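First up is the structure itself, then whatever we jot down about it.
What follows is calculated from the coordinates using simple rules that are stated; it is not laboratory data. In this text, all values refer to a predicted model and were calculated from it rather than measured experimentally. In this analysis, Cβ positions are derived from the backbone assuming ideal geometry, glycine residues included, and neighbour counts consider all displayed protein chains.
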Amino acid sequence: MIEINLLPEELKAKASSRKNRVTIEVKYLVYLIPITLILLILVHIYLGLLLVAKHNQIASLNKKWLSQEPEKRQLDIFNKESALQTQDSSTIKAWLDERVVWSEKLVALSDSLLPGIWFTELSVIPPNFTLRASVVSLQKEEMDIIKKFIDLLKTDTAFFKNFNSLELSSVQTRTIGSFDVLDFTLAGTLR
């Protein structure tokens with residue numbers, strides 16, 4: 001390819017100036033390569049030192065971790081025992097909630113007791129509850145007294161909360177002297 005340069009001579013680029021520019025760039029390149037290599041070596045040294053420092057830090061943390069291993073075992077044992085005790089306590093609490101507190105039941109029976117009634121027998125064979133009692137009334141209101149007594153027991157939440165049912169099961173009349181006495185039986189089923 002033929003190149004024609006129509007510029008005047010003073011504006012034309014001189015071949016020698018290009019050559020000088022290339023040599024100057026090569027001269028800078030000669031200085032730039034060692035500086036770059038030195039920088040790379042310094043970065044490698046810095047990263048190597050950083051790696052050694054981190055390795056030492058990890059080693060010291062591992063030693064510390066191993067020194068705390070017995071305490072960790074004790075803590076694990078404590079946590080297991082605590083979990084078992086929590087489970088045991090919740091089981092015991094459930095049992096206590098399900099149990100029948102007979103002292104409360106006896107107090108409720110005593111509080112509901114009407115004049116003219118006396119107990120002759122109380123038996124509990126789970127889930128059955130049996131109460132035998134007698135009643136006497138000078139006004140001949142024995143059945144009304146029995147009904148009031150049963151109603152009082154059913155409305156007493158402290159007494160009736162553990163029962164599914166509480167009913168009059170039998171009534172028998174007997175005479176003591178000139179008084180008629182009714183013997184009755186209350187039968188109930190526990191939850």
The equivalent-ellipsoid semi-axes of the chain, taken as the square roots of five times the Cα gyration tensor eigenvalues and listed largest first in whole Å, are 113, 27, 11
FRET efficiency (residue 64, residue 41; Cβ distance; R0 35 Å; to 0.05) is 0.50
Summing -39500 (n - 2.57) over every DSSP H run of at least 4 in the chain, dividing by its residue total and rounding to the nearest 500, the 222 nm mean residue ellipticity is -20500 deg cm²/dmol
Residue-ordered couplings for the range 50-60, obtained by feeding phi - 60° into the Karplus form 6.51 cos²θ - 1.76 cosθ + 1.60 and rounding to whole Hz (Gly and Pro as x), are 4, 5, 5, 5, 5, 4, 5, 5, 5, 4, 5
Over all directions, the range 87-191 yields a Cα convex hull whose mean projected area in nm² is 7.1
For residue 105, the lysines lying under 24 Å Cα to Cα, once residues fewer than eight places off in the same chain are dropped, come out as 93, 147, 148, 154, 161
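Under 8 Å for C-alpha pairs, at least 6 residues apart: give me the relative contact order for the range 102-190, rounded to a whole percent. It would help to have the intermediate numbers written out before the result.
On the way: 141 pairs, mean separation 29.0, N = 89.
After rounding, I find 33 percent.
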Once the in-chain neighbours fewer than 8 apart are removed, the lysines whose Cα is under 18 Å from residue 54 read 63, 64
Expressed in angstrom and ordered largest first, the alpha-carbon extents of the range 90-140 along the principal axes are 54, 21, 12
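Just want to confirm a number: the relative contact order over the chain, from Cα pairs under 8 angstrom separated by 6+ residues, in percent.
Details: 147 pairs, mean separation 29.2, N = 191.
Relative contact order of the chain: 15 percent.
For the range 58-114, compute Rg over Rh where Rg is the Cα radius of gyration and Rh is the Kirkwood radius from the inverse mean 1/r over Cα pairs.
Computed over Cα atoms, the ratio is 1.57.
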